[in-house]
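The values are calculated or read from the model by the stated rules, or taken from the named source; none is laboratory data. Not measured: the values here are computed from a predicted model. Cβ placement follows ideal geometry from the backbone for every residue including glycine, while neighbour counts extend to all protein chains displayed.
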Amino acid sequence: MIEARELTKTYGEKTAVDGLTFTVRPGAVTGFLGPNGAGKSTTMRMIVGLDRPTSGTVTVNGRPYADHPAPLREIGALLEAKAIHPGRSAFDHLMALAHTHGISRHRVEEVIEMTGLAQVARKRAGAFSLGMGQRLGIAAALLGDPETLMLDEPVNGLDPDGVLWIRNLLTGLAAEGRTVFLSSHLMSEMALVADHLIVVGRGRILADTTVEQLVREAGGDTVLVATADPVRLRSLLAGPGVEVTGRPGSEQLMVTGRTAREIGFTAAEHGIPLFELTKHEVSLEEAFMNLTHDAVEYVASAA
């Protein structure tokens with residue numbers, strides 16, 4: 001479990017992380033989302049003691065990271081896959097880490113096999129592709145068989161087979177009751193693996209919720225209706241908590257606050273033919289963009 005309480009980090013006049021309070025619980029994959037510059041990487045660095053908080057606290061399994069006598073056995077982290085001596089082989093890199101915690105050679109060989117590195121384990125890591133470097137970073141994170149796993153953009157550079165592999169790995173670890181904390185800009189992938197989401201913008205919490213709830217609040221309960229008489233149907237559907245929108249002259253209406261079943265019964269009762277009646281699906285990407293549009297620091301100018 002990871003617990004942050006009023007976690008803050010400033011660099012001079014710049015506040016990178018501003019009073020974050022959240023809990024990453026075991027038994028689930030928690031996605032950590034936010035635009036570039038939102039404070040995600042700084043937060044992750046503070047969790048594992050690479051940056052010192054200006055104020056506030058963060059603990060892993062009840063203790064600050066630095067207080068754990070064997071931190072690799074508590075939390076496995078991938079923050080920078082290329083943080084490896086380029087002249088050292090994957091096997092030697094992992095063995096060097098293993099020696100610091102009394103981890104066996106057998107476990108090194110196990111994570112090499114687990115991450116698909118067996119064929120390149122004796123090759124210099126400096127010659128690795130981005131995808132192979134990611135696999136080595138994940139192998140290092142898994143080395144101590146930790147109860148908590150924290151990965152920053154783990155699918156970078158992975159081919160489709162590698163993406164499927166990491167997806168199954170993360171959901172499998174969560175199913176074992178472990179804590180999985182995952183940062184990624186790939187919303188389609190996050191929608192497939194995450195149970196819970198923590199969304200930040202400009203260093204502050206914007207949402208601490210489930211994927212389903214975030215999508216629902218962004219319009220996931222909207223129904224698309226096409227009818228020959230949109231004006232009449234709109235008036236029949238109107239009521240407290242109901243929003244009906246549509247372009248003038250268009251046969252299509254977007255209805256929020258009424259289920260497709262209710263809309264269908266109302267139309268049938270009043271003899272209004274419907275051409276289409278479907279639930280409007282809002283993607284996680286759309287929901288994320290709606291939530292963070294005021295918190296984006298780096299925006300490309302129009303050509």
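Listing for the model above:
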item	result
Top-ranked residue of segment 2-39 - restricted to ones that are outside any strand (DSSP E or B) and at pLDDT 95 or above, ranked as surrounded by the most Cβ atoms within 10 Å (Cβ to Cβ)	Pro26
Candidate set: segment 71-102, residues that are hydrophobic (A, V, I, L, M, F, W, C) and part of a helix (DSSP H, G or I); chosen: the one surrounded by the fewest Cβ atoms within 10 Å (Cβ to Cβ)	Ala96
Verdict on Arg105 being surrounded by fewer than 20 Cβ atoms within 10 Å (Cβ to Cβ), modelled with pLDDT under 95, more than 20 Å from Asp159 (Cβ to Cβ) and charged (D, E, K, R)	no
Test: residue in segment 205-215 that is free of Cβ contacts under 8 Å to residues at least 12 places away in the same chain and not polar (S, T, N, Q)	yes
Tally, over segment 111-132, of residues that are buried (at least 21 other Cβ atoms within 10 Å of the Cβ) and either touching a strand residue (DSSP E or B) at 6+ places or on another chain (Cβ under 9 Å) or under 11 Å from Ala81 (Cβ atoms) (or both)	3
Qualifying residue in segment 34-45 (condition: of a type in the set (A, V, I, L, M) and either touching a Phe, Trp or Tyr at 6+ places or on another chain (Cβ under 6 Å) or over 28 Å from Leu291 (Cβ atoms) (or both))	no
